Ligand SMILES: Cc1cc2nc3c(=O)[nH]c(=O)nc-3n(C[C@H](O)[C@H](O)[C@H](O)COP(=O)(O)OP(=O)(O)OC[C@H]3O[C@@H](n4cnc5c(N)ncnc54)[C@H](O)[C@@H]3O)c2cc1C
Ligand code: FES
């Protein structure tokens, strides 16, 4: 059943799903719009969850928009409802309670779930991962009494949480298996500076260290056994990566490989009526060597907005937004523009104050990615320049910052 | 509670009630005013919440802070003397009747 008034069904009420429906109505789409969101609360932002301690039972005001937004735009928001199956031949989804809902266009915006911690003791009380607002509230409450906190995983969420715990007065140790922090996400040059700053703030960091088991007394965590010896712990927070929630697509027979595989239009390569956006989508990007899957707000918003406009009839063309990311780790604001997967030269550029730093990564004599610490203006300049032609060469930046170069190019444009 | 008027590039106006103690960006986003993207959620990280404060209200609103000032050089739409990042503008009763203009582009 695929009548034209079956409208758009979005599975997932997170950042990407919200962006889809906002753009649909913003671009004048008039058909029915339904969002299935299995969490029983209004769609909210995740980044604030790991950047401060949340303790208020009603939630810390992270909703994307109030309920009236959906009502005024005639968006049917089905909170607390799970989509259990997808029938692409019939163009319908089936909810957890067995209801069948037809669609003309389907958007999968199911996000990701945390990778479980594969060690004995991970189920003890006092061991937490963070993905949802409920998780954040549980961690916030635990932090009010915690004294010894062990953070397993030196990734973005781990480091953000380490700073939150540290600021709350706990003794914090980060345990990371790789020999450096954020090993896939940032350059070794930046990592060195970042690590130094965390250590200066009193966060203890053990890299090249494996967590072997978590030990408890009376069901409550009290110690973490690591390859470097035991660490006392009354709270263990772990962030060891996320996996895309692509099971609906897989069970429906769509192509899936660590994410729903889509083309440059963000359409499933197996079915043109199905789109996938945000954390759950694996897609081609003009700056990437193969298919990529990104877990970032920018990616979720831009992909969602493109699909919303496309379904409404407005947008054509491939998805090619420049990727960018930020992470606030206590007093450190880290930002990344571009994709730094393979680069052949990384230049470290001191900022105009001691807290600031940038790295410029080049590949084949062109700038491809820029990392900054506490330097948002340089980050924004990078975003401008990475989208301009001609590309920025190492010579363009001899003795100059991106900020200075972007200002100079802009003045030239205005004069021309 | 102060009323703030957002004027879109095509001249249409959206009148919204803003809560004192929050920021201007929040008033726009919670009321679904188009043209303020606010990707970073108000963290002074993205410059996608750029606005032009109406000349009549420039003094009440005041100048940008240091980090904001630097960031304003790199907004998608041109910077003007009245440019602000709306997530850095605190709403107060004194701003009742404020008019802000939304630029053509944010990203
Ligand atoms: C703690 C934390 C901090 C972060 N900090 C940053 C940051 O600083 N900067 C940054 O750029 N990014 C950050 N991120 C990443 C960013 O939040 C995600 O990339 C973004 O939320 C992805 O949006 P999404 O809509 O794809 O997925 P989500 O926001 O995860 O939303 C997916 C939603 O779909 C629901 N769902 C899944 N399956 C179904 C189903 N079958 N039926 C109904 N509903 C379903 C899920 O329950 C979920 O609510 C952070 C993430 C976390 C967890
Ligand atoms: S919302 Fe990102 S800078 Fe204002």
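Points worth noting:
- Taking every DSSP beta bridge that has both ends in chain A, the antiparallel portion is near 60%.
- For segment A:187-328: rounded, prolate or oblate by the Cα gyration tensor [a/c cutoff 1.5]: prolate
- As a rough guide to protection, the peptides A:135-141, B:10-16, A:197-203 ranked by mean Cβ packing within 10 Å, highest first, stand as A:135-141, A:197-203, B:10-16.
- Taking 20 Å as the cut-off, the amide N atoms of segment A:100-116 that come nearer than this to a point 7 Å along the Cα-to-beta-carbon line of residue A:87 belong to A:100-108.
- Segment B:63-107 - Kirkwood radius from inverse mean 1/r over Cα pairs (Å): 11.6 Å
- Take every pair of alpha-carbon atoms less than 8 Å apart whose residues are at least six positions apart; their mean separation over the length of chain B yields a relative contact order of 41 percent.
- Euclidean distance of C-alpha centroids, segment A:112-141 and segment A:212-290, integer Å: 14 Å
- Average beta carbon contacts from partner chains per residue of A:348-356, 10 Å cutoff: 0
- Prolate/oblate/rounded label for segment A:8-131 (Cα gyration tensor, a/c 1.5): oblate
- Rounded to the nearest whole angstrom, the semi-axes of the ellipsoid equivalent to the protein assembly as shown, taken from the Cα gyration tensor as √(5λ), stand at 34, 31, 25, largest first.
- Taking A:172, A:93, A:349 as the candidate residues, the one with maximal mean-square fluctuation in a Gaussian network model of chain A, Cα springs under 10 Å, is A:349.
- Mean separation of Cα contacts under 8 Å, 6 or more apart, over the residue count of segment A:216-322: relative contact order %: 16 percent
- Relative contact order (%) - criterion: Cα under 8 Å, at least six apart; region: chain A: 15 percent
- Computed [θ] at 222 nm, deg cm²/dmol, the protein assembly as shown (DSSP H ≥ 4; -39,500 (n - 2.57); rounded to nearest 500): -6500 deg cm²/dmol
- Separation of segment B:39-107 from segment A:297-311 is 24 Å, based on Cα centroids.
- Sequence of A:262, B:61 once ranked by neighbouring C-beta atoms within 10 Å, starting from the fewest: B:61, A:262
Coordinate-derived values only; no laboratory data. Fair warning: this is a prediction, and the values are worked out from it, not measured in the lab. Note: ideal-geometry Cβ built from the backbone for every residue, glycine included; neighbour counts use all protein chains shown.
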